[in-house]
2 protein chains.
Amino acid sequence: MTLTLNYIEEAAERIAPYIQRTPLLRMNNLDPFLGCEIYLKMESMQKTNAFKIRGAMNKILQLPESDLEKGIITTSSGNHGRAVAFAAKQLGIHATVVVPESGSKFKADAIEALGAELLRCDVRERFEVTEALAEKYDYTYIPPFDDYGVMAGQGTVGLEITSQNEALDHVIMPASGGGLLASSSTAIKLTAPDMKVYGAEPANLPRYTESLAKGEVTAVTRKETVADALVTSQPGTRNFPIVKEYVDGMMTVSEEFILKGMKLLMMEAKIVTEPSSAITAGALLEGSLDVSPEDKVCLVISGGNVGLDFMEKLKYIHY
Amino acid sequence: MTLTLNYIEEAAERIAPYIQRTPLLRMNNLDPFLGCEIYLKMESMQKTNAFKIRGAMNKILQLPESDLEKGIITTSSGNHGRAVAFAAKQLGIHATVVVPESGSKFKADAIEALGAELLRCDVRERFEVTEALAEKYDYTYIPPFDDYGVMAGQGTVGLEITSQNEALDHVIMPASGGGLLASSSTAIKLTAPDMKVYGAEPANLPRYTESLAKGEVTAVTRKETVADALVTSQPGTRNFPIVKEYVDGMMTVSEEFILKGMKLLMMEAKIVTEPSSAITAGALLEGSLDVSPEDKVCLVISGGNVGLDFMEKLKYIHY
């Protein structure tokens, strides 16, 4: 099994009734700040306000009826958990979501509000806790990344981008385990081969930058980052070889520039993004890509789930 | 002279090189909260982040060269001032902007940053101060509303809406002096006669509601409102008869529901709006319009100029 364009196209058809085709917005007001023609792929306006619903829904819709009846389980720093909870609610099945205690309270609350069972645990134990529960109750595990079903759904972001504008020069998307990056770069390279694709990850957790340098999946030391959806310590084993083949480069972004990106998007584009999405604007602000004014650059705004409390952190940030 | 569809269409052509054609976004995530199919006309993504540039630019582009050389002046609670300053900068001419001391500091700072001369005065004296300066320096006055040149430019918002989606049932837009409402209702009714048009104004300053009830332009008692762009105490004399003819109804919105609307748009649609634009969502939340789930309702998000300080006010607001 591998990830094919055909599998992503099938996923697009499968999930279409359950998701939004999100707009790709030309955002001229950002051009003077970022030095090129800016386009934003607005997954923050997706159902559950993040792209994760695409992958979760594609995976869940392929499960046999008997598994759906028993219930599903996942672990997630927030957006994937919310997506699984939302999908379960839409389909009328039971969902359990294990979240790291260190994650966003805003996101955990949203998961509970959707009617899912919520369990908090230490971030290092979350996979063990999830596995134990899955075994005990015969739940089907819906992985947040590194699964071809999930990846095919997430790749529909890339598929939409090239169908909405085939003339883009560069696409920058956030990377954690690499599900969005691997799958959407596959869709982009196989439908618009000239488009360049980049991943942006926190400088505090450069798991792809280091793994690509070493040529193999490498775990980095766990450090804090404001990008609470990008906390995975190593690339997914299924994602890594795809990223290696299709992605044109990785960018590491400092904490300061993630916040600058977020404030820029809020004040000039008038959109609310989570720091894990604003990292794409932060990468450009930090000078990670050589661009000229006529370059068409698409930033994937992967999600907008952030609380008002967090926005106060932006008060003294200048871009 | 009156406001014709032809005059608005000419304005659209005249200002096209200087403004954005802003997106009309289908925003499904708001449907469950507002009880109908929601569309947003995103003038918050306009140049200067408000629709005002359309009117100011159309007015200024019609001035003779000799007037442009002497300079222009205006008075405005913020967005029109910023629009005039932006237009002056683009055309390389001098602009003076008189702002009420009670207005948004965020907006005043943005005007100064564009290189315009800024003057603060008491809100009740702003027209006298402006007139005296215009006479002294031979500046041309660019009125914020109640001027056919300005109105024709602002009417291009309505023109774009019907060209972007002719199947909308209702359009709700904010009203102060009524420039946007009069001009855009003209464009809408003359291109899509079945579309209903409504104006939303603060319950604290119900100048249109009261004037329409009395059948003549009536000034209301000046009161405070969080909607800092909607502070005019009476309808414009040119706007009033047009609103009377074309607008299907006015809605008054309480301060509480203006803030609820703003928080709803921020948390569910992930967009930053100023309170004066969020009033449209507030009107629906407050139950001012009978809607069914299949009704297509467009909210005109007229601007997004609001500082982070203001957003703190939303912390304890629930929608």
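Here, each number is a calculation from the coordinates, and none is a lab measurement. These figures come from a predicted structure and were not determined experimentally. For neighbour counting, all protein chains shown are included, and Cβ atoms are generated from backbone atoms with ideal geometry for every residue, glycine included.
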Could you pull the Rg and Dmax for segment A:53-147, using just the Cα atoms, both in Å? 11.9, 34
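Convex hull over the alpha-carbon atoms of segment B:80-205: what's its volume per residue in Å³? Walk me through the numbers before you get to the answer.
Numbers: hull volume 16.2 nm³, N = 126.
For segment B:80-205, the hull spanned by Cα atoms encloses 128 Å³ per residue.
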Magnitude of the Cβ-charge dipole of the protein assembly as shown, K/R +1 and D/E -1, about the Cα centre, nearest 20 debye? 380 debye
homo-copy label distances at A:Pro193 (7 angstrom along Cα-Cβ), nm, one dp, ascending, are 5.6
For A:Glu294, place a label point 7 Å from Cα along the Cα-to-Cβ direction in every copy; what are the distances to the other copies, in nm, shortest first? 5.0
So the number of lysine pairs in segment B:163-319 with alpha-carbon atoms under 13 angstrom apart, 8 or more residues apart or on different chains, is 7
In bins 20 Å wide, starting from 0, what share of all Cα pairs of chain A does each bin hold, as a percent? 36, 59, 5
Non-local Lys pairs in segment B:1-153, i.e. 8 or more apart or on different chains, that have alpha carbons under 19 Å apart: 12
May I ask you to work out the translational diffusion coefficient for segment B:142-204 at 4 °C, viscosity 1.567 mPa s, via Stokes-Einstein with Rh from the Kirkwood sum over Cα pairs, reported in whole µm²/s? 110 µm²/s
Relative to 2.2 N^0.38 Å, what does the C-alpha radius of gyration of the protein assembly as shown come to as a ratio? Two decimals please. 1.00
For label points placed 7 Å from Cα toward Cβ, what is the shortest-first list of nm distances from B:Phe310 to its copies? 2.3
Report relative contact order for segment B:88-150 in percent, whole number only (criteria: Cα-Cα under 8 Å, sequence separation at least 6). 29 percent
To the nearest 500 deg cm²/dmol, what mean residue ellipticity at 222 nm is calculated for chain A from DSSP H runs of n ≥ 4 alone, each contributing -39,500 (n - 2.57), summed and divided by the residues? -12500 deg cm²/dmol
Please list, in order, the residues from segment A:17-34 whose amide nitrogen is less than 20 Å from a point placed 7 Å along the Cα→Cβ vector of A:Lys89. A:17-22
On the principal axes of its Cα set, how long, how wide and how thick is segment B:1-103? Give whole Å, largest value first. 54, 38, 26
